[in-house]
Structures are given as structure tokens and as C-alpha cells.
1. Name the residue, out of 299, 350, 36, whose mean-square fluctuation peaks in a Gaussian network model built on the chain with Cα pairs under 10 Å.
2. Name the long-range amide H neighbours of residue 378: under 5 Å, sequence gap of 5 or more, or other chain; modelled H, no Pro or chain starts.
3. Hey, if you put +1 on the Cβ of every Lys and Arg and -1 on every Asp and Glu Cβ in the chain, which of 51, 69, 203 ends up farthest toward the positive end of that dipole?
4. HN-Hα J couplings of the range 292-308 from phi, Karplus 6.51/-1.76/1.60, θ = phi - 60°, integer Hz, Gly and Pro as x?
5. How far is helix 361-370 tilted off the main Cα axis of the chain, in degrees rounded to 10, range 0 to 90?
6. Could you sort the peptides 258-264, 237-243, 50-56 by per-residue average Cβ neighbour count (10 Å cutoff), highest mean leading?
7. Looking only at 385, 42, 394, which one moves most when the chain is put into a Gaussian network model with springs between Cα atoms under 10 Å?
8. With axes computed from alpha carbons, what is the tilt in degrees of helix 309-332 against the longest principal axis of the chain, rounded to the nearest 10 within 0 to 90?
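Just so it is clear, none of the values below were taken in a lab; they were calculated from the coordinates. Because the structure is a prediction, the values reported are computed rather than measured. Every residue, glycine as well, gets a Cβ built from its backbone with ideal geometry; the counts of neighbours run over all protein chains shown.
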Amino acid sequence: MVIAGFNKIDITPSPGMPMAGYINRVGKAIGAHDPLYARTMYLSDGSEELVLVVLDLIRIDRELYEELALSIERSTGIPREKIFITATHTHSGPEVSLDLWATKELSNVDRELVASYRKELSRAISSAVLQAVEDTEPVELMISSNRVEGVAVNRINPDKQIDSELLALIAKRLNGSIKGIVISFSCHPTVLGPDNLLYSGDLYGYIAREIEKTLSRVVLMPNGAAGNVSTRFSRKAQNYEEVIRLGNKVVESFIDSLHNLERLSIDTIRIIKKRISLRLRETPIEKLIELKERVIQELEKARASGASHGTIRFLESNLYGIKIAIERHKKMSSLKNIDIEVNAIHIGDLVFITFPGELFIEYQQNLKSLKKNRRVAIIGYANGYIGYVPHYSYGKELTYEDLVSIIDDMEYTRIEQTLSQLLTPTL
């Protein structure tokens, strides 16, 4: 018998914090359009247990994960290795990283604001998890699946097929009512742009709140393999009306999926952890500076010739990426490797694979092609953050994602092989 508990808590900070996600954003947060939440789930089959926390934030760097997990462990007694913390990747939330992964260089005042907010997060989230544990009751676990069209698009090549599945784990009480929901979908939730100075959960925040309003249940919505998937080519504007238009497509798809629920064949939980050391990319700073000048020239020519919005946006993204890569190079020049942890959460014949970064959608597509009689989804941005991990199928194509990636491209195949191995629960 599986027991489950759910909870959510408001984590919206005060105005005045630096915002995360867009390097070209000017100004601090002036308020909130909609609340930011921490949503939590506790699950146990009697011999194994896990905590899943989904935050309406940009990322969870490894140091922040350790702070939050330690606080949860002290509050609940649940070991850190059973705790999974992820971010929806909203670009309309506060900055939460202090060093390498901060969107912009932070002033001393801003560092103090971020450090203070991180402490507030630790207290709030440990309390939310404790309430989820205290809220547990027996449940049956169900799966729903549907497709979402017209929202997520490959932002490098919009003609390339992506994984548009909306996969959900639904915990039902023994009387048949819904206890709580976890929804997996892969898409950069970046409908709102750099001009926005209001905190917002953006696309994922809206979807979760709308389903919660409809069903009166907590809805966790972790992001998936969203590295090269976004609304760049599907959105008609970058405002909240567009968040609603696109979000409703996902909400309607999920509600429709409730008519065809599939019960998990077994109710056992198994957690598999795998640690790997990845080589970091070694790009000479001179090459990055040379590349920056070349892209500036190409961008000027494109603007002068009246090139399409898509072409100009592509070049702007590349220039943005090069600037980030140059700054990151200064901070990481002495490092050769980075150690990461990937996890497989086997819940019956459903597998959630967690990864500390932004995988390209092709990694998830590959896993689903191998699924070995299991339903599978990636939970990205989880238990750490190493940035973008492009896929080897793109070769040497120059893209923003490849420019800002810190991972040696010779490691992409090994990453895919490691993820595939996690599909087998006897690993």
C-alpha cells in the first residue's frame, strides 16, 4: 500500500530583489503578478520513501539544493538521498544563485538579498514538506497521458519533431477522489520577457494554478528536458494574455486525459542513484572574443538588410550566449571536471529520471524509444544545475545553447548511455 501527502506554500519574495533569467533585463522586481509557490509531495510504499519539491524558480544550484535538503532532513528525518528538489525554470522569479550561475554579477547588496531569501526558502520548504508528511493517507497511483499541440516547439529548428507528451502521476484516495497530481511536460516557460519586472510563475505557474482551481488539489509540475524547447515560435506576444492562451491548451489537454486513466500495475518505489564525472569544455578565451566580434558583425548586417525576426532573434541569442560564456570562462578556467548525480525514481512501471540541468529534448525522446515497458519522463533542473546539455545529433551547429554549455561535447553520448541504464530497476 502506498501513502501520499501533498502541500504547497507561497514563496513569493518582497519587491526589490534582482530577477533571474534574462541578462538584458533592466531593473529589480517591483511586485508580483501572481504568487510563486513551493509544491511538495511525500510518497512511501512502507519500505521506500521520497520527497519531491517543485519550486517556481529559475534553478536549484547544488549549494542551494544542499541547504534545502539539509533543512528538510532536520525537520522530517527523511534522508537527503530521498529528497528531490527541482525548479520550473520561470524567468520571472528572483535570483537564487550567488556565484557561477547567477544571471548577472551581483552587487554586495544584491548578494545579501539573495542569501537572505535562500534562508527564508529553507525554513518555508522544510515546513511545507513536514505538512505533506503529516497529510499522508493511502492512495492508488494512476497515470494519464495526452498530447499538447501548439505550445512547445524546438527553438533551434521549429520543423524538428519534439516530445509533446503531457504525462501525469495521479494519486487517488481509496474513495476515488484525487489526492494530488504530478504533471510532466517539457518546455521553457518563457512567455514573459525581459521587460517584465513582476514575479510570476509564467506558463507553468499558470497551468498548475488553473488545474488546482478546477480540481481543488495540489499540482506539482516539474519541467522536463526543455533545453531546446520553448514557446519562441508558438507565442504571439510576451504578455500575460499569451500565458493564459498557451496555458489553457495544456490545462485542457490534462483535463481531457482524466477520462482515460491507467492504474500502475505495481505500487512499489525504487530509487537508483548514479554519480558521474563530466569533462568540462576547454574553449580558449581568445576564440570566444573572436566569435563575439563575428556575431556582432552578422547581427548588424542582418538588421541593415531587413532580415526576418527569427534570424535576428537567433543571432541575438548567440551573442547573448557568447557574453555569458566569456564571463563563465573567467570563473571556471581552472576546473577540468564536474561531478553530477542523476537519479531514477521507479514508481511501479513509471520512471522519473532526474537531471541537474537543461537536457535537449532528444535525450527524453531516446529514453521513450527504449522505455522497456515503462512510462518515462525526465525531471530537469533537479538537485543541482550544470546548465545546458546539447545533444550530439546537432553536430557542430552554432547555437546559443551550445555556446553557453560548460560540458565537453564528447560527453553527450556518455550522458545518454547513463540515462538509458537507469531505466532498469535492477541496476
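1. 299
2. Hits under the 5 Å cutoff: 225, 353.
3. Farthest along the dipole direction, towards plus: 203.
4. 4, 5, 5, 5, 4, 5, 5, 5, 4, 5, 4, 5, 5, 8, x, 4, 5
5. Tilt of helix 361-370: around 40 degrees.
6. On the way: 258-264: 13.0, 237-243: 16.3, 50-56: 26.7.
Descending mean neighbour count gives 50-56, 237-243, 258-264.
7. Of the options given, 394 has the highest mean-square fluctuation.
8. 80
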